[in-house]
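S.K.: Before I ask anything, here is the structure I am working with.
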Amino acid sequence: MVYLVVVYLGSLFSLLLNSFFYLEEFTGLVVRQFTLRTYAQLFTPTNLGIFGRTATMALIVTIADIIIAFPLAYYIARFASPRSKTYLYIAVTLPLWSSYLVRVYAWKLILAKEGIISWFFDLFGIQFILDKILSIPSIGGSSLSLSPLGMFIAFCYIWLPYMIVPIQTALERVPKSLLEASSDLGANARQTFQHVILPMAFPGVVAGSIFTFSLTLGDFIIPQSLGNSRYFIGQAVYSYQGTAGNIPLAAAMTMGPVVIMVVYLLIARKLGAFDAL
Amino acid sequence: MTAPAIRFEQVSRHFGEVKAVDNVDLEIHDGEFFSMLGPSGSGKTTCLRMIAGFDRPTSGHIFLYGQDVSDLPPYERNVNTVFQDYALFPHMTVEDNVAYGLMIKGIAKETRKKRVDEMLELVRLPKFGSRKPSQLSGGQRQRVALARALINHPKVLLLDEPLGALDLKLRQQMQVELKSIQQRVGITFIFVTHDQEEALTMSDRIAVFNEGKIVQVGTPPEIYESPASPFVAGFVGTSNLISGEVAKRLTGSEQMFSVRPEKIRLSFANDRPETDMISVDGIVRDVIYLGLFTRYLVEVEDGADLVVIEQNLKTTSMDVLSAKGQKVRLHWHKDHISHVGA
């Protein structure tokens with residue numbers, strides 16, 4: 001308990017405290033004096049752009065992961081035999097055993113101009129389709145690895161286990177008797193899915209989306225390794241506290257995702273995601 | 001004459017090598033309160049699940065009012081189930097739970113609301129509509145489950161040990177209530193239980209299951225007073241089973257017979273046997289005082305142990321407990337023995 005308060009919340013509090021200081025531009029020293037001027041700096045077009053870009057990416061990665069994860073989780077929870085369930089479960093979590101950096105660099109190679117994806121498009125003589133996709137402004141770029149689309153793919157892959165596991169857990173918790181009861185009361189398989197399974201899996205979806213959303217918000221490795229050079233929140237924080245030595249601005253910037261997550265959780269609660277907990 | 005509510009025609013259900021239900025024939029009449037009684041693993045629940053459609057017979061046919069439903073999915077059968085764990089939908093209010101069947105059928109909201117209110121009235125839970133199942137007690141959930149099933153006017157209502165999770169007082173109260181609801185709605189109830197007292201209390205007829213087969217079907221008095229086999233005699237109530245030499249000496253035949261503990265009178269004096277009474281001497285080996293009555297374990301000559309139950313009309317605990325180790329004479333009327341098979 002003491003540990004939680006001191007180490008966990010204490011560091012967050014120190015972050016909050018730092019965000020109310022400011023950096024003296026001439027001396028480059030942090031002035032420990034209460035001010036809101038650091039927060040004001042967040043509202044420049046550049047920084048707002050960073051917030052908007054990161055939140056949008058987090059949102060579409062979350063949606064894509066829900067779409068990919070749900071059928072997988074559903075299969076594992078409902079149809080897989082106990083034996084294959086174990087193997088599938090290991091398969092889902094296996095990537096988490098290896099280094100995150102290695103996996104990001106693997107994707108960098110896969111998505112590169114000379115990488116396997118572009119090689120495949122070439123093989124079938126449909127390179128023009130890839131070029132067409134990459135020429136779309138705001139998602140395209142000179143190659144997949146240097147485009148927001150590539151980042152999106154890597155993000156979806158990296159956070160996918162964090163979406164599958166909670167959804168699967170939620171689905172496993174639906175007792176068989178509830179499905180029988182629904183069927184007994186006249187519902188066919190589709191109606192049972194819609195009225196019983198889906199609502200009961202919803203808390204799992206929300207739990208998973210909290211992971212994918214917040215992890216994307218704070219990540220700085222993928223935007224640095226892949227994509228174009230436009231900043232994401234994580235990168236901005238990294239460079240402010242590192243090279244620029246502007247700890248107060250980095251702290252203020254970090255409060256951005258915190259606020260976004262609080263809003264997100266409030267919406268989730270409103271949608272009834274925590275009712276069944 | 002209408003077709004029976006449920007008819008089993010040589011129904012079997014095998015799980016691999018295990019014959020959960022083995023060649024069962026059965027007829028359940030329209031409007032009857034029918035109990036399936038048996039120990040766990042005797043096949044009664046599997047029979048119920050086959051009527052509901054959750055399980056299909058390996059062979060044989062099941063008819064619902066003359067229609068062969070053996071291969072229909074649950075949602076195409078006009079039967080409803082009250083589950084052992086109630087299986088209420090936790091994410092819905094009581095009202096939505098009860099209205100579920102009607103909602104699936106696409107019945108208008110206003111009609112739904114009206115019928116839900118009627119149903120909650122029937123199970124004596126008005127004003128509970130907006131609660132969640134987690135906010136209800138066991139007995140209340142039980143009633144909601146009943147309302148949710150009955151609102152669809154099923155032809156047959158299936159109840160899978162629905163009172164198992166309730167405490168004794170509540171269970172006895174629900175037994176009376178279930179019976180009165182059944183008489184009011186006039187629907188055929190099929191009630192699965194392993195509790196013989198419950199079956200005797202509520203049923204019009206009882207089927208006793210053992211090892212996948214029905215060993216006896218009859219009214220509660222028939223089952224209790226004339227058990228068809230040693231198993232039934234032992235499972236429904238307590239019985240003293242006597243066979244062999246002792247039986248021959250007492251009844252003149254070696255055939256096994258049973259006599260209920262409450263039919264035996266116990267006396268300390270060596271009184272002369274009356275006409276039509278069977279008497280045997282023994283020694284009281286154990287006395288269990290149970291307040292309302294006392295249970296004696298008496299060892300009679302030739303080594304057989306008989307259980308005797310006597311109501312504590314005039315005796316106190318002091319009196320009965322002092323009987324231990326004493327010689328006694330047991331009497332019972334010869335009409336109170338029933339010969340059982342084997």
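S.K.: Within the bounds of segment B:15-36, is there any residue that is within 14 Å of chain A (Cβ to nearest Cβ), free of Cβ contacts under 8 Å to residues at least 24 places away in the same chain and of a type in the set (A, V, I, L, M, F, W, C)?
M.R.: no
S.K.: I would also like to ask the following. Those residues that are out of contact with any strand residue (DSSP E or B) (no Cβ under 9 Å at 6 or more places or on another chain) and more than 8 Å from every other protein chain (Cβ to nearest Cβ), I need them from segment B:72-86; list them, please.
M.R.: B:Glu76, B:Tyr86
S.K.: Sort out which residues of segment B:98-114 are more than 17 Å from A:His195 (Cβ to Cβ) and either surrounded by 18 or more Cβ atoms within 10 Å (Cβ to Cβ) or of a type in the set (Asp, Glu) (or both), and write them in order of number.
M.R.: Start the filter on segment B:98-114 by keeping residues that are more than 17 Å from A:His195 (Cβ to Cβ), which leaves B:108, B:110-111, B:113-114.
Passing the criteria: only B:Glu110.
S.K.: Any idea which of A:Leu171, A:Leu249, A:Leu265 is surrounded by 22 or more Cβ atoms within 10 Å (Cβ to Cβ), more than 11 Å from chain B (Cβ to nearest Cβ) and in contact (Cβ under 8 Å) with a residue 12 or more places away in the chain? Can you show your working first?
M.R.: Values: A:Leu171 fails: surrounded by 22 or more Cβ atoms within 10 Å (Cβ to Cβ); A:Leu265 fails: surrounded by 22 or more Cβ atoms within 10 Å (Cβ to Cβ).
Result of the check over A:Leu171, A:Leu249, A:Leu265: A:Leu249.
S.K.: May I pose another question? Only one of A:Gln235, A:Gln224 is part of a helix (DSSP H, G or I) and surrounded by fewer than 19 Cβ atoms within 10 Å (Cβ to Cβ); which?
M.R.: One residue alone meets the criteria, A:Gln224.
S.K.: Please determine whether any residue of segment A:23-46 is in contact (Cβ under 8 Å) with a residue 60 or more places away in the chain and touching a Lys or Arg at 6+ places or on another chain (Cβ under 8 Å).
M.R.: no
S.K.: Additional query: So, in segment B:103-141, of the ones that are in a helix (DSSP H, G or I) and under 29 Å from A:Gly204 (Cβ atoms), which residue ends up nearest to the other protein chains (Cβ to nearest Cβ)?
M.R.: Restricting attention to segment B:103-141, the residues satisfying the condition of being in a helix (DSSP H, G or I) are B:103-105, B:109-122, B:133-135, B:138-141.
Adding the requirement that they be under 29 Å from A:Gly204 (Cβ atoms) leaves B:103-104, B:133-135, B:138, B:140-141.
On the way: B:Met103: 8, B:Ile104: 5, B:Pro133: 11, B:Ser134: 9, B:Gln135: 12, B:Gly138: 16, B:Gln140: 17, B:Arg141: 12 Å.
The selected residue is B:Ile104.
S.K.: Where the second residue is surrounded by fewer than 24 Cβ atoms within 10 Å (Cβ to Cβ) and in a helix (DSSP H, G or I) and the first is assigned by TED's automatic domain parsing to the domain that holds B:Asp195 and lies in segment B:37-49, which pairs have Cβ atoms under 8 Å and are six or more apart or on separate chains?
M.R.: Partner pairs satisfying both residue conditions: B:Leu37/B:Gln196; B:Leu37/B:Phe235; B:Gly38/B:Phe235; B:Pro39/B:Phe235.
S.K.: Does segment A:60-88 hold any residues that are modelled with pLDDT under 90 and either surrounded by 13 or more Cβ atoms within 10 Å (Cβ to Cβ) or acidic (Asp, Glu) (or both), and which are they?
M.R.: A:Arg78, A:Ala80
S.K.: Here are some residues: B:Val246, B:Val284. Which one is surrounded by 14 or more Cβ atoms within 10 Å (Cβ to Cβ) and at pLDDT 80 or above?
M.R.: Within the list B:Val246, B:Val284, the selection yields B:Val284.
S.K.: Only one of (1) part of a loop (DSSP other than H, G, I, E, B); (2) in contact with a strand residue (DSSP E or B) (Cβ under 7 Å, 6 or more places away or on another chain); (3) within 12 Å of chain A (Cβ to nearest Cβ) fails for B:Met92. Which number is that?
M.R.: Answer for B:Met92: the failing condition is (2).
S.K.: How many residues does segment B:166-191 hold that are over 16 Å from B:Ala5 (Cα atoms), touching a residue at least 60 places away in the same chain (Cβ under 8 Å) and in contact with a Ser or Thr (Cβ under 9 Å, 6 or more places away or on another chain)?
M.R.: Summing the residues that are over 16 Å from B:Ala5 (Cα atoms), touching a residue at least 60 places away in the same chain (Cβ under 8 Å) and in contact with a Ser or Thr (Cβ under 9 Å, 6 or more places away or on another chain) in segment B:166-191 gives 1.
S.K.: Go through segment A:176-221 residue by residue and tally those that are surrounded by fewer than 18 Cβ atoms within 10 Å (Cβ to Cβ), more than 13 Å from the chain's Cα centre (by Cα) and more than 7 Å from chain B (Cβ to nearest Cβ).
M.R.: 6
S.K.: While we're on this one: Of all residues in segment B:15-36, how many are in a strand (DSSP E or B) and more than 16 Å from the chain's Cα centre (by Cα)?
M.R.: 11
The values are calculated or read from the model by the stated rules, or taken from the named source; none is laboratory data. Quantities reported herein were computed from a predicted structural model and do not represent experimental measurements. No Cβ is skipped: glycine too gets one built from the backbone with ideal geometry, and neighbour counts run over all protein chains shown.
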